[in-house]
Amino acid sequence: MVSYVLRNEVEREHRSGVNCMQYDPLMNRLYSGGRDSIVRIWNLNSMNDPYVLSMEHHTDWVNDTVLCCGGRTLISASSDTTVKVWNAHKGFCMSTLRTHKDYVKALAYAKDKEHVASGGLDRQIFLWDVNTLTALTATNNTVTTSSFNGQKDSIYSLAMNPSGTVLISGSTEKVLRVWDPRTCAKIMKLKGHTDNVKSVIVNKDATQVMVVEPTEVHSELQRPRVGCLGPLCQRFIHSVLFRREDCRIFQTDPRFPESSILVCNTDSPVLRMELGADQEELWVATVKSDLKCWDIKESIHRKSGDYETISSGPLLSRPKETIKGGSSIRQLSILNDKRHILTLDSDQNVALWDAVTATQVKDLGKVDFQDEVKKRFKMVYVPNWFTVDLKIGTRQIVFLPGCRPRRSALESQTNQKQRTRSKLIQAGLGLQAASLEPGTLLSFCGQLNKNSFHQNNLPNELWRVGFESLLEHWPNAHSYDPDSVIPRTENGIDTKTDDIKVSFGSSNPSTPPEHRRHDTLIVKGNRYFSMPGHTPVIFGEAGGRTLFRFLCRDAGGESERLLLKDSVPAWVLDVAVDNQVPKFNKITFFLQPYVQPGNKSVKKDKLSANDMLQIKKVQEHVYKNFMGQSDSSISGSSTLSRRSSEPSEKGEEDQTEIAMEKVELLCQDQVLEPNSDLRTVKHFIWKSAADLELHYRSKVQNGTSVNDSDEKSNSSWRTAFSR
């Protein structure tokens, strides 16, 4: 699976719900992990502009985080099946742990031993030594871990006491399992729960455990009885904060669970709570992207006798501080040109995006979404080559498997000289390519001005130019042996960053070694546009598990280059490096003179051509062959396909213009637009699985008609299309 994300260069706000938070009392910072796959750092000393930076490496929801090593290291767990180790102060990912095979839902931290446990939907629990994890690198992340066996269902919650002597896991199995992390042995199983255990906490000496579930529970441990929904937040042993599913947050004494303080009401379901400075502030994250801080100094001074019933009004009416979140995409429409996307976000703003260039075309503001979809409809048919995933709250373009070339249809090996010529021609250096012979030296160094190519003149294979642009900064996509290229400056141009660097060395053994050049062709991306450097690119397995994520501009980095070499699928190399594309699809159809209703039609002959063949090219050949304007015949549908997608000579353009003035084509008695193609006609006008039927006639001029053409020309036309 290959995908990339359409987004702004700097994402300062969460785009969806926030699943987890961690507070650092030493730096007075808050770390928040969101459903938009990003961990963000907030400076609570500067609430006017609290954003510090974004920690981007996950590709799916961030489900849990723990702050370790005195706030220097952050561990995060994600639905992309990975656990990541971050430098919390500088915000970069130090290593990625891929031991889990499914969503990683929960983490637990033993502060005294610097151990972290991770658990998820793969029913596995792993124990990690944080000091060992911080020594790993992105390319050397082999680590030994301890595992806990015996869990029979998906794990949603973990808790570990500070000394690391007890680990407790909660799951959809409706039981609690108690483990000894020192031996990885199961101590006991606590039954009696009637629903999934989604949140659990344990006190310092591991004598008390609190869980949350919809109904009252009993267990063999000394623990409170709680009839509520999680998550919960432990302040101290006799004071616990928890939330109900009706967006209310309570504080209760576990010894007297029938009486509670209604601390505050929220505007949406709560996902996570975190105590802030001096445990007098409560940070609340919900399914919305905002983070809100509530001042709970008054509630902590309540004694057990001061607790009220849950029907009382809230203690707090408004939050003390709010970190505003951004909007998430709620609805989208892929326009039928299969290039542009209309999106509607949670603030009711509509925007138009270009999926090929990964850029926003226009912010349309608060307009009617359905009206915009109808307004931008075009009579053009393009096969689906991508879909859009909105799970992380933004636009993630996912390439469909059907758009890629099958390796069985491609040559397993291509002559390097032919590949070089193809790249040169693509870059507009056809003369140099034509003169390239073995043993000769060709050298070119210069900039290709991509702005001189209009982005609306992209070829029909939109997905192909997209691939080429995604990997334009990866040296392996520039040359066939990038390790042999020595970066240097020629004619004032840095060959590490220029768009084209061509140099071919002699393979003649008689050439002196000092005159041999071993550099190879470098052509970055495609000739039409460059993908924004901040675009995240994701390679994953067929089932969706992420293999590697990187920013487009970082593909040339040392670690990214090595990881890409191992993770890029072979078919992507065929497209981006070897410039190979699948064979064109053929479409069968009938072409015959137009007959007035009631008259007898002529015999049908089945023809075939490239499905992207434009109607104006059919008009041109009808004019040339049926009206006796030229004795030449077309050489086959492949020629037509090439001419329909490449600029023609001036004389051919004039000939096409004349043909469009003289001849018109019809389908279902509807005159066809010259710039439409065969697949568009079949999809929107013919609307049938049967073979397409086209009719031709001359435009009314002095009462003559092309319908009187002789059979000889008709035979020539049929021969040309059937090849």
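Just so you know, in the stretch 328-339 the residues that are under 18 Å from the mean Cα position of the chain (by Cα) and assigned to a loop (DSSP other than H, G, I, E, B) include one that is surrounded by the fewest Cβ atoms within 10 Å (Cβ to Cβ), and it is Lys338.
Only a single item in (1) touching an Asp or Glu at 6+ places or on another chain (Cβ under 6 Å); (2) surrounded by fewer than 16 Cβ atoms within 10 Å (Cβ to Cβ); (3) in a strand (DSSP E or B) is not met by Asn131, and it is number (3).
Applying the selection to the stretch 45-75, what residues are within 15 Å of Asp24 (Cα to Cα), open to solvent by less than 40 Å² (accessible area, probe 1.4 Å) and among the small types (Gly, Ala, Ser)? If the condition is that a residue be within 15 Å of Asp24 (Cα to Cα), open to solvent by less than 40 Å² (accessible area, probe 1.4 Å) and among the small types (Gly, Ala, Ser), then Gly71 is the only one that fits. Would you say Ser16 is at pLDDT below 95, farther than 20 Å from Leu167 by Cβ, small (Gly, Ala, Ser) and buried (at least 22 other Cβ atoms within 10 Å of the Cβ)? So Ser16 passes the test. Residues in the stretch 345-366 include at least one that is assigned by the TED database to the domain that holds Gln396, open to solvent by 30 Å² or more (accessible area, probe 1.4 Å) and touching a His at 6+ places or on another chain (Cβ under 9 Å).
Taking the stretch 28-58 as the range and being under 17 Å from the mean Cα position of the chain (by Cα) and over 17 Å from Phe92 (Cβ atoms) as the test, the residues that pass are Gly34, Arg35, Asp36.
For the stretch 93-112, which residues satisfy the criterion of being over 18 Å from Ile201 (Cβ atoms) and in a loop (DSSP other than H, G, I, E, B)? Before you say what the answer is, go through the steps one by one.
From the stretch 93-112, those over 18 Å from Ile201 (Cβ atoms) are 93-104; that's our starting set.
Once the filter is applied, which keeps residues that are over 18 Å from Ile201 (Cβ atoms) and in a loop (DSSP other than H, G, I, E, B), the stretch 93-112 yields Arg98, Thr99, His100, Lys101, Asp102, Tyr103.
In the stretch 243-260, the residue that is modelled with the highest pLDDT out of those that are open to solvent by less than 20 Å² (accessible area, probe 1.4 Å) and in a strand (DSSP E or B) is Ile249. Filtering Val217, Val212, Val226 for residues that are buried (at least 17 other Cβ atoms within 10 Å of the Cβ), outside any loop (DSSP other than H, G, I, E, B) and at pLDDT below 80 leaves a single hit, Val212.
Any residue at all in the stretch 657-664 that is over 30 Å from Lys338 (Cβ atoms) and at pLDDT below 80? No, there is no match, as no residue in the stretch 657-664 is over 30 Å from Lys338 (Cβ atoms) and at pLDDT below 80. Scanning the stretch 670-701 for residues that are farther than 20 Å from Lys378 by Cα and touching a residue at least 60 places away in the same chain (Cβ under 8 Å) gives Asp691, Leu692, Glu693, Leu694, His695, Tyr696, Arg697, Ser698.
The values are calculated or read from the model by the stated rules, or taken from the named source; none is laboratory data. Model, not experiment: these values are computed from the prediction. Cβ coordinates were reconstructed from backbone atoms using ideal geometry, including for glycine residues, and neighbour counts include every protein chain displayed. Accessible surface is based on the protein model in full, side chains and every heavy atom, while ligands, DNA and RNA are left aside. Shrake-Rupley method; radii C 1.70, N 1.55, O 1.52, S 1.80 Å.
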